[in-house]
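Trainee: Quick one: structure below, then a few questions.
The values are calculated or read from the model by the stated rules, or taken from the named source; none is laboratory data. All figures in this text were calculated on a predicted structure; none of them were measured in a lab. Note that each Cβ is placed from the backbone with ideal geometry, even for glycine, and that neighbours are counted across all protein chains shown. Calculation scope for accessible area: heavy atoms of the full protein, side chains included, ligands and nucleic acids excluded. Shrake-Rupley method; radii C 1.70, N 1.55, O 1.52, S 1.80 Å.
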Amino acid sequence: MTTALSRSSNLRTTAAWAGTAAVAGSLAAGPGSRWYQQLDKPSFQPPRAAFPLAWTLLYADIATTTALALDHTTDPARQRATRQALAANLVLNAAWTWVFFRAHRLGAATIVAAALTASGVALTRRVAAAHPSGRALALYPAWCAFATVLSASIWRRNRSR
């Protein structure tokens, strides 16, 4: 078990990392861009307002559950592996927005989304193994899997562009 000071530090760290990923991704986001508006999107595309709401909740979930996992992990090697898994996941998370919205690389964005989903599953398993509340993170890879399907559908519908 960790001390109250290290628990507070873990939450500050995971919140800062998740917040950095959120800001980095939002800098590239362009759901209102002319390019995005002209894409042929599937009928299951959520309304535009759903994305910031979902991502705010997911980033809070990532930060909180990962901090709890770190708080309840006494093995330094496991703590390091959890931090590395979180960092890799958040890099993929921010990268997707840049690949999709800025580079307009729909196929590559689908691959990044699939890698993000796999990374989210791995992070969820690691976090849930450290603390039961980590199971709440399962919503994150589920959303990422949906985003992968959505990305693939948009890519398929717009290959000729």
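Trainee: Can you tell me which residues in the stretch 99-114 are assigned to a helix (DSSP H, G or I) and either within 20 Å of V23 (Cα to Cα) or in contact (Cβ under 8 Å) with a residue 12 or more places away in the chain (or both)?
Mentor: Within the stretch 99-114, the subset assigned to a helix (DSSP H, G or I) is 99-102, 106-114.
Matches in the stretch 99-114: V99, F100, F101, R102, L106, G107, A109, T110, V112, A113, A114.
Trainee: Take the conditions free of Cβ contacts under 8 Å to residues at least 40 places away in the same chain and under 19 Å from V121 (Cα atoms) and apply them to R12. Does it pass?
Mentor: Working: free of Cβ contacts under 8 Å to residues at least 40 places away in the same chain: yes; under 19 Å from V121 (Cα atoms): no.
So R12 does not fit the description; no.
Trainee: Moving to a separate point now. Go through the stretch 53-72 and give me each residue that's touching a Lys or Arg at 6+ places or on another chain (Cβ under 9 Å) and of a type in the set (V, I, T).
Mentor: Scanning the stretch 53-72 gives T65, T66.
Trainee: Which one is farthest from the chain's Cα centre (by Cα) among residues in the stretch 98-118 that are under 26 Å from T65 (Cα atoms) and open to solvent by less than 20 Å² (accessible area, probe 1.4 Å)?
Mentor: Restricting to residues being under 26 Å from T65 (Cα atoms) and open to solvent by less than 20 Å² (accessible area, probe 1.4 Å), the top hit is A113.
Trainee: Would you check which residues across the stretch 144-161 are surrounded by 14 or more Cβ atoms within 10 Å (Cβ to Cβ) and among the polar types (S, T, N, Q) and list them?
Mentor: First pass over the stretch 144-161, keeping only residues surrounded by 14 or more Cβ atoms within 10 Å (Cβ to Cβ): 144-155, 157-158.
Residues satisfying the conditions are T148, S151, S153, N158.
Trainee: Look at A88 and say whether it is open to solvent by 30 Å² or more (accessible area, probe 1.4 Å), assigned to a helix (DSSP H, G or I), on the phi < 0 side of the Ramachandran plot and in contact (Cβ under 8 Å) with a residue 12 or more places away in the chain. Let's see the steps before the verdict.
Mentor: Values: open to solvent by 30 Å² or more (accessible area, probe 1.4 Å): yes; assigned to a helix (DSSP H, G or I): yes; on the phi < 0 side of the Ramachandran plot: yes; in contact (Cβ under 8 Å) with a residue 12 or more places away in the chain: yes.
Here the answer is yes, as A88 does meet what is asked.
Trainee: Give the number of residues within the stretch 122-142 that are crowded, with 18+ Cβ neighbours inside 10 Å and within 13 Å of the chain's Cα centre (by Cα).
Mentor: Selection size over the stretch 122-142: 5.
Trainee: Could you please find all residues in the stretch 28-49 being out of contact with any helix residue (DSSP H, G or I) (no Cβ under 6 Å at 6 or more places or on another chain), open to solvent by less than 30 Å² (accessible area, probe 1.4 Å) and at pLDDT below 95?
Mentor: Y36
Residue by residue, here is whether (1) outside any helix (DSSP H, G or I); (2) hydrophobic (A, V, I, L, M, F, W, C); (3) under 25 Å from R156 (Cβ atoms); (4) without any contact (Cβ under 8 Å) to a residue 40 or more places away in the chain holds:
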residue: Q37; (1), (2), (3), (4): no, no, yes, yes
residue: L58; (1), (2), (3), (4): no, yes, no, no
residue: T74; (1), (2), (3), (4): yes, no, no, no
residue: R78; (1), (2), (3), (4): no, no, no, no
residue: T97; (1), (2), (3), (4): no, no, yes, no
residue: A122; (1), (2), (3), (4): no, yes, no, yes
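Trainee: For R78, are the conditions met, namely being surrounded by fewer than 20 Cβ atoms within 10 Å (Cβ to Cβ), out of contact with any strand residue (DSSP E or B) (no Cβ under 6 Å at 6 or more places or on another chain) and farther than 30 Å from R48 by Cα?
Mentor: Numbers: surrounded by fewer than 20 Cβ atoms within 10 Å (Cβ to Cβ): yes; out of contact with any strand residue (DSSP E or B) (no Cβ under 6 Å at 6 or more places or on another chain): yes; farther than 30 Å from R48 by Cα: yes.
Criteria met by R78.
Trainee: Cβ-Cβ distance below 8 Å, separation of 6 or more or different chains: which pairs start in the stretch 128-147 with a residue that is farther than 19 Å from Q45 by Cβ and in contact (Cβ under 8 Å) with a residue 40 or more places away in the chain and end on one that is open to solvent by less than 50 Å² (accessible area, probe 1.4 Å) and not in a helix (DSSP H, G or I)?
Mentor: Taking only residues 6 or more apart or on different chains, the pairs are A130/T73.
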